[in-house]
Each structure stands twice: as structure tokens, then as C-alpha cells.
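Working notes for the structure below.
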Amino acid sequence: MFNDIGPLELVTLVVLAVLVFGPDKLPKLIQDVTRTIRKIREFSESAKQDIRSELGPEFKDFDFEDLNPKTFIRKQLDNDDLGLKEIRNGFDLKKEMAEVTDAVHSREADSPSSGSSASSSSPSPSESAGGRVDMTKKPEEDDRPPFDADAT
């Protein structure tokens, strides 16, 4: 409930409470607040029990925390029936990225001892650059279609 309150903030709240309510009334105020919190918890538990009894015996193990979407999704993803744990554990991101990098740079296919098939044919412009395509090179002017003023 108060997980984000630090020690300095807690001391400040206590000092403010003593100044506002006074040292005489503060113990009674604390007792009243704790009694109210206890009654609210009892009311909440009785309401949960009433809902469980009204839902019937098939919902006797119903957990109200499952109504929280974050908890519900976490519980469903941890379910072994879906097989998601095997998929998650079987996926190695570093290995997959290394395979993709190798495929992009074609390290497996363009080794120096690839045989006579590559040496017999004339290399294309993309092969002459070491198997890499120069993406910064602008296309030649002849590749553009001619401009037709009537078509526009």
C-alpha cells in the first residue's frame, strides 16, 4: 500500500500528524484508523465469500486477483498447456541474430573456396563488391523512364 514512501517522507508525515492532532489525540486517532481499516477488510472478505457462494461450487477456487488484467495475462502465459515455455526457452536471440547476419552478408555461400562455378561466370556488379550491394550508390540516369509531358 505504501511501498513508494521513503523514510524521510514517513518521518515528515509523523511530525505533521503530531503537529496537527497533538500528542494527546494521536494515539486515539491511530486506533480509530486501524479499526476502520480492519472493518473494511472484514467487509471485503465477507463480500468475496458471498460472491463465491452465489457463483456456485464450480467457482469455489475463484481468485479475485485474476480479475486484474496483468495477473490474468501472466497466469495464462505461464500455463504449460499452451507450450509457450518450450518456445520461449528454445528461442536463442543471439543465435538467431547471428544466423540472420550471416545470411545477409552471405558468409556461408561466398567462401573463397566455393569452386569453379563462380570463377567461370563473369561477376555481376553486386558480386564484384565482395557480395555486398552498395545502398548509397545512386541509380544510373539511363534507368529512369523518359519524361512524357503529355502523360502528366
ask   = For the range 52-61, in order, what is each residue's ³J(HN,Hα) by Karplus, 6.51 cos²θ - 1.76 cosθ + 1.60 with θ = phi - 60°, in whole Hz (x at glycine and Pro)?
value = 4, 5, 6, 6, x, x, 6, 10, 5, 9
Linear extension gain, F147 paired with F91, 0.36 nm per residue minus alpha-carbon span = 15.0 nm
ask   = Using the Karplus equation 6.51 cos²θ - 1.76 cosθ + 1.60 (θ = phi - 60°), what ³J(HN,Hα) coupling, rounded to whole Hz, does each residue of the range 7-17 give in order, writing x for Gly and Pro?
value = x, 5, 5, 5, 4, 4, 5, 5, 5, 5, 5
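For A103 and A47, calculate 0.36 nm times their separation in residues minus their Cα-Cα distance, and state this gained length in nm to one decimal.
Details: separation 56, 0.36 × 56 = 20.16 nm, distance 6.07 nm.
In short, 14.1 nm is gained.
Just subtract the alpha-carbon distance of E54 and T71 from 0.36 nm times their residue separation and send over the number in nm, one decimal. Show your work: numbers first, answer last.
Numbers: separation 17, 0.36 × 17 = 6.12 nm, distance 2.37 nm.
Difference between extended and current length: 3.7 nm.
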Karplus-derived 3J(HN,Hα), 6.51/-1.76/1.60, for each residue of the range 40-50, Hz, glycine and proline x = 5, 5, 5, 4, 4, 5, 5, 5, 5, 5, 4
ask   = Which values of log₁₀ I(q)/I(0), to two decimal places, follow from the Debye formula for the range 18-65 at q = 0.14, 0.17, 0.25, 0.32 Å⁻¹ with a uniform point scatterer at every Cα?
value = -0.53, -0.61, -0.87, -1.06
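Where a number appears in this text, it was derived from the coordinates with a stated rule and is not lab data. These numbers were taken from a predicted model, which means no experiment stands behind them.
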